[in-house]
Every structure is written in structure tokens, then in C-alpha cells.
Ligand SMILES: Cc1ncc(COP(=O)(O)O)c(C=O)c1O
């Protein structure tokens with residue numbers, strides 16, 4: 001099976017990080033500080049390195065002591081956000097489609113997930129008007145990913161400004177999940193925290209999982225104003241205590257190095273190139289249709305598969321979940337694993353998500369199998 005489903009970049013952690021970790025281990029002869037709990041907020045050196053990155057990249061000055069926490073990946077930061085800013089029974093707004101884990105976290109916390117449809121004809125971008133209509137007295141938080149998983153949408157500064165206007169009128173918290181920020185190919189990526197005037201209600205979540213190809217190391221972070229961070233810290237401390245000490249040290253020492261920036265840049269170019277080739281080739285195959293022959297950001301492509309479903313699995317059309325039927329068909333018939341679009345929300349029911357952060361050979365083999373099996377348009 002060619003696995004293009006799971007979201008694991010195949011490039012692995014940067015060389016410099018691995019070297020630094022090896023040095024630290026080599027120096028470690030007996031009991032050391034790294035065998036003890038790190039600061040619950042995260043190692044100061046790492047918090048400082050990350051805040052330096054925000055300053056260098058976007059000119060945003062953050063307080064490394066008070067406005068950032070190191071978390072167990074971005075997922076913990078999302079969980080902390082939902083748990084700390086809302087109460088049971090509160091409504092949490094989620095654009096549809098977006099990262100599938102949001103809805104599960106909201107429900108697991110006993111909050112109510114309100115999905116706001118976004119539409120293919122508008123490029124799957126959340127409309128501030130639709131957002132406004134979805135807000136009720138019980139709404140407390142909007143969960144927004146930009147770049148969006150699975151569509152690759154990047155919210156422009158102007159649109160974010162409009163979204164801020166809507167959420168501020170209702171005094172909602174807003175979380176910006178920016179884990180794919182380093183994989184923006186087109187347009188300018190804007191971190192929401194740039195909107196200083198609404199800073200007290202903005203939470204940013206991010207991680208090393210995608211940028212450093214280290215999903216298994218579980219290191220992420222959360223940025224918020226000092227009062228909010230202080231509250232969130234309590235939840236983090238009581239659930240996780242602290243993150244891996246030595247890994248934080250090694251990351252802190254290398255995270256802003258030029259060599260790592262170059263590695264990220266090379267990985268980004270490779271993924272972008274693969275995405276463009278894959279879109280071009282799949283778009284020629286029967287049943288695959290792309291809204292756009294380009295990709296704005298991220299590690300996935302999101303073709304529409306309505307006609308594929310209609311021709312090869314006509315019985316699935318009457319049922320609601322066409323994307324699951326197509327994912328099953330591709331797996332059984334061609335041994336190609338993808339994620340059904342419906343996993344990201346009802347609006348994804350005619351789409352599948354294909355991960356392109358894999359080897360060029362696997363993608364070529366995928367195109368070959370599908371061309372042979374489905375034929376050209
Ligand atoms: C949008 C988005 N946010 C967060 C995550 C999870 O990140 P982490 O591995 O840092 O928990 C993912 C993983 O695919 C994702 O796509």
C-alpha cells in the first residue's frame with residue numbers, strides 16, 4: 001500500500017538538531033539537570049529562541065517569560081485553548097472543512113462544536129458574514145487554522161482583520177493554529193497575534209512536528225497574553241507537568257540557525273514542486289478535479305472526486321459519504337491510502353486528501369497506478 005493518508009513528513013529532523021542531541025548525550029555521564037523536570041512553562045532558552053523567531057520573521061515582540069508555553073505538540077496547545085477559555089456547554093466555532101481533531105477535542109471537553117460551512121466556489125475560505133451568522137450568546141471561541149489542513153488556504157491579512165472585527169464584536173476568543181506556516185508557497189502568511197489591539201483574546205498554537213519533520217518528538221508551543229498564559233499554565237502543569245528536558249535544550253541551541261533555515265527551505269521547495277506535479281498529473285486522470293492547479297500552502301492536495309464516485313461506486317452517491325467510499329475504492333483497487341474529505345467536515349464529502357510530503361517515487365507510482373486503472377479524461 002502506498003500510504004498518502006497519514007500526515008507525517010518523510011524528511012525527518014534537521015541534521016544539526018540530531019548532532020546537538022548526540023553531543024548532549026555524549027556529555028551526559030551521570031545524573032544531570034536533564035534528568036530532572038524542566039520548567040513547566042518550557043525551557044526558558046527554547047521559549048526565548050521561539051520568541052526571537054517571531055521577531056525576526058514578523059517583527060512581533062513577545063515576552064519569553066510570560067507569553068509562551070512549550071507544549072506536547074500543537075494538539076496539547078489546542079486542547080489547553082479549548083479547556084481554558086470555555087466552560088462546559090459553551091459553543092466553539094469551527095470552519096468546515098478544517099483539521100479534524102478540533103471537533104473531537106471540543107466534544108471531549110463537553111463543549112458544543114458549531115461547524116461553519118466554507119464553500120469550494122469561494123476557495124473554502126471562511127466568510128466573515130457566515131461567521132457572524134453562526135455566533136450566538138453561547139459562542140466563546142473560534143478555532144481557525146491558517147494554512148488550513150486539508151485545503152491549504154492561507155488567510156490574508158485583510159480577511160483576518162475582518163474576522164477579528166466579527167469576533168471582537170462578540171468578545172470571542174480566537175485560536176490561530178499555524179503549524180504549516182513554514183510551508184506557505186503563495187501569498188503572505190500572517191500570524192494573528194500581529195493584531196495587537198485584540199491580543200488579550202488571541203491564542204497561537206504551533207509546533208516542530210511539520211517544520212522539522214519530527215511528529216514523534218511531541219514538542220509544540222502556545223502563545224497568548226500573560227494573563228491568559230498564566231491561567232493556561234495551570235492546566236498544562238496539572239496535565240503534563242513539563243516537556244522532555246534534553247530535547248528542549250537541543251532545540252533551543254539550534255532552532256534559529258541558518259543551516260536549519262536552509263533545510264526547511266529545501267524541504268518546502270521539494271514539497272511545493274511535488275504538489276504542482278501531482279496536481280498537474282492527477283488532473284488529467286478521469287475523476288480527479290482540482291479547483292486550482294496551484295497550491296497556496298501545506299502538505300496536502302485536495303481533489304474533488306464526485307464523478308469518480310458516480311462512475312465507479314454509484315451506490316455510494318445515495319449515501320452521504322462519497323469520500324469514504326472513494327477512499328475505500330482506491331485502497332482496495334489500487335492499494336493507495338488517502339483520507340476521506342468528510343473526516344474534515346461535511347463540506348469535504350466530495351473530496352479526498354492526499355499527502356504529498358512523501359517521496360517523489362511514491363507519488364509517481366500513484367499517478368501510474370491511477371492512470372492505468374482509471375484512464376485519462
Ligand atoms: C492543522 C494542524 N494542527 C495541529 C496538528 C498537530 O500537530 P502536533 O503534531 O504538533 O500535535 C496537525 C497535524 O496534522 C495539523 O494538521
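The numbers here are math on the coordinates, done by the rules we state, and not lab data. On a predicted model such as this, the values are computed, not experimentally measured, just so you know. Please note: Cβ atoms are built from the backbone with ideal geometry, for glycine as well, and neighbour counts cover all protein chains shown.
Observations
- Label-point separation, residue 241 to residue 87 (7 Å along Cα→Cβ), nm: 3.2
- Between segment 224-282 and segment 127-188, the Cα center-to-center distance that results, in Å: 20
- Secondary-structure-derived ellipticity at 222 nm for the chain, considering helices only, amounts to -13000 deg cm²/dmol, per-run term -39500 (n - 2.57) for DSSP H runs with n ≥ 4.
- The DSSP beta bridges internal to segment 171-246 are antiparallel in roughly 50% of cases.
- Averaging the Cα positions of each part gives two centres, and for segment 73-103 and segment 314-377 these lie 28 Å apart.
- For segment 260-377, Kirkwood radius (reciprocal of mean inverse C-alpha pair distance, Å): 14.6
- Cα pair distances exceeding 23 angstrom across segment 56-180, given as percent: 31
- With the convex hull drawn over the C-alpha atoms of segment 161-256, the volume per residue is 127 Å³.
- Sequence-distant contacts, meaning Cα pairs under 8 Å at least 6 residues apart, place the relative contact order of the chain at 24 percent.
- Potential extension, residue 137-residue 200 segment - 0.36 nm per residue separation minus Cα distance: 20.7 nm
- Shape metrics for the chain, restricted to C-alpha atoms - Rg then Dmax, Å: 21.2, 66
- Sorted largest first, the principal axis extents computed over the alpha-carbon atoms of segment 214-310 equal 53, 35, 25 Å.
- Cα-Cα separations in segment 1-83 greater than 21 Å, expressed as whole percent: 54
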